[in-house]
Amino acid sequence: MINSALRIVVPSLFAALLFLAGGCTSAPQAKNFNIKVTLDPALVGSSLQVDLIGANPISDLPKFESYSVSEYWKPGDTLRHDATKAVLAFGQGRPTTQTLSSTDPVWKKWLQTGALHLVVLVDLPGIPADRAGNADPRRLILPLDGAQWNRKTDTLEILVQESGVRLQTSPKKH
């Protein structure tokens, strides 16, 4: 009697544990964030551009991780031309802090294409060498997966300095 009960209960418990464990590893879910970009005081008055690009992990992210930032900013660059982006222009008479709202229509386009990353590219003069990924100080690639950030985070803050672009928002501690 006890053996037959164990034969039913043990597999059921095992199946329930597998089900619960499977629920802990969910697929990444992109979240719309406000993207706040601020110029360091040393750059105030400088004319520069920041492109924000939603990148899906299959077709977009590998290109943007390895693409030359110097080439990207050259006139007529096709990757820059074809990218679905939000453009923040800084310079004389323009605010030194600008925000792409989480309700901006570009988010709908990004999320429809499966964007799970935000690529930030800054036309920052004086940085000579191209490097891959976040090693290039003019490029910052951030996850858009809400699970990567503290639950209350709705704004990703970015600082543009003479030495490069820096994330100011703390990611979730794992």
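The values are calculated or read from the model by the stated rules, or taken from the named source; none is laboratory data. Just so we're clear, the structure is a prediction, and the values are computed from it rather than from any experiment. Cβ sites come from the backbone with ideal geometry, for glycine too, and all protein chains shown count toward neighbours.
Observations on the structure shown:
- Test: residue in segment 7-17 that is among the basic types (Lys, Arg) and either modelled with pLDDT of 90 or more or under 15 Å from Ala115 (Cα atoms) (or both): no
- In the set Pro62, Pro128, only one residue is exposed (fewer than 14 other Cβ atoms within 10 Å of the Cβ), over 15 Å from the mean Cα position of the chain (by Cα) and either more than 19 Å from Val37 (Cβ to Cβ) or not polar (S, T, N, Q) (or both); that residue is Pro128.
- Residue satisfying condition, being over 22 Å from Leu159 (Cα atoms) and either touching a residue at least 60 places away in the same chain (Cβ under 8 Å) or small (Gly, Ala, Ser) (or both), within set Ala89, Ala83: Ala83
- Any hit, segment 109-132, residues being free of Cβ contacts under 8 Å to residues at least 12 places away in the same chain and hydrophobic (A, V, I, L, M, F, W, C): yes
- For Ala42, the conditions (1) under 18 Å from Arg139 (Cβ atoms); (2) in contact with a strand residue (DSSP E or B) (Cβ under 8 Å, 6 or more places away or on another chain); (3) not β-branched (Val, Ile, Thr) are fulfilled apart from (1).
- Screening Pro41 on (1) out of contact with any Lys or Arg (no Cβ under 6 Å at 6 or more places or on another chain); (2) modelled with pLDDT of 95 or more shows it passes everything except condition (2).
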